[in-house]
Amino acid sequence: MRVWASIWLLVLLTACATPTPIRSVAQAPSDKQWQGRLSVTVQSDPPRNMSAGFSLDGDARQGELNLFSPLGTTLATLQWNPTTTQWLQGGQQRRYDSMAHLTEETTGAALPMDAMFDWLEGKATASPGWLADLSELNQGTLVAKRVSPEPLVVLRIKLDTP
C-alpha cells in the first residue's frame with residue numbers, strides 16, 4: 001500500500017510542476033532590441049514590395065526577427081545563430097544556408113544583416129552596393145538603398161519610439 005501511495009504522490013507532484021521552456025540559441029534574450037515597421041521595395045519587373053511590423057532581437061550572429069500584419073498577427077519568425085538559419089510560419093519550418101538567402105526569399109533581395117545592425121546602432125558601416133541614410137535615425141527613421149547590382153532595392157525602417 002505504501003508503494004502505491006508513494007507513486008501517487010510522485011504523480012501529483014510531477015503534474016503540478018511547471019516545466020521551464022527551452023529556448024533555442026536564436027531565442028536567447030538580448031539587450032539589443034528594436035521594433036517598428038519595415039518595408040523593402042525591389043524595383044524589378046514586376047516590382048516587389050514587402051511591408052510589415054517587426055520586432056528584432058539580437059545581432060548579425062544570432063537573433064530573431066518577428067514579422068507582423070497590420071492587425072498584429074505574427075506572419076513569420078526568422079531565427080538565426082551560427083549553426084541554423086530558419087523561417088517559422090504557423091507550424092511550418094524552413095531552413096536556409098544563410099541569412100542572405102533567407103532575406104532574399106522573404107523580401108526579394110538579400111539584405112546586409114551585418115551592416116543593418118550597425119546602422120540601427122547609428123554606425124555608418126559600409127556594405128558593398130548599399131548606401132545608408134542615417135540622418136534621421138534620431139527620429140527613428142532609417143533608409144538604405146542597394147544601388148548595385150540592379151535592380152534598385154530600398155529598405156525603410158521606422159522604429160517605434162518609447
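No lab work stands behind these numbers, since they all come straight from the coordinates. Just so it is clear, the model here is predicted, and its values are computed rather than measured. Here Cβ is always computed from backbone atoms with ideal geometry, including for glycine, and neighbour counts include all displayed protein chains.
Between amide H atoms placed 1.01 Å from N, distances below 5 Å from Leu111 occur with Thr103, Glu104, all of them 5 or more places distant or on a separate chain.
Given Cβ point charges of +1 (Lys, Arg) and -1 (Asp, Glu) and nothing else, what value in debye, to the nearest 20, does the dipole of region 79-162 about its Cα centre take? Don't jump to the answer; show the numbers that get you there.
On the way: 7 positive and 10 negative charges, 28 e Å.
Roughly 140 debye for region 79-162.
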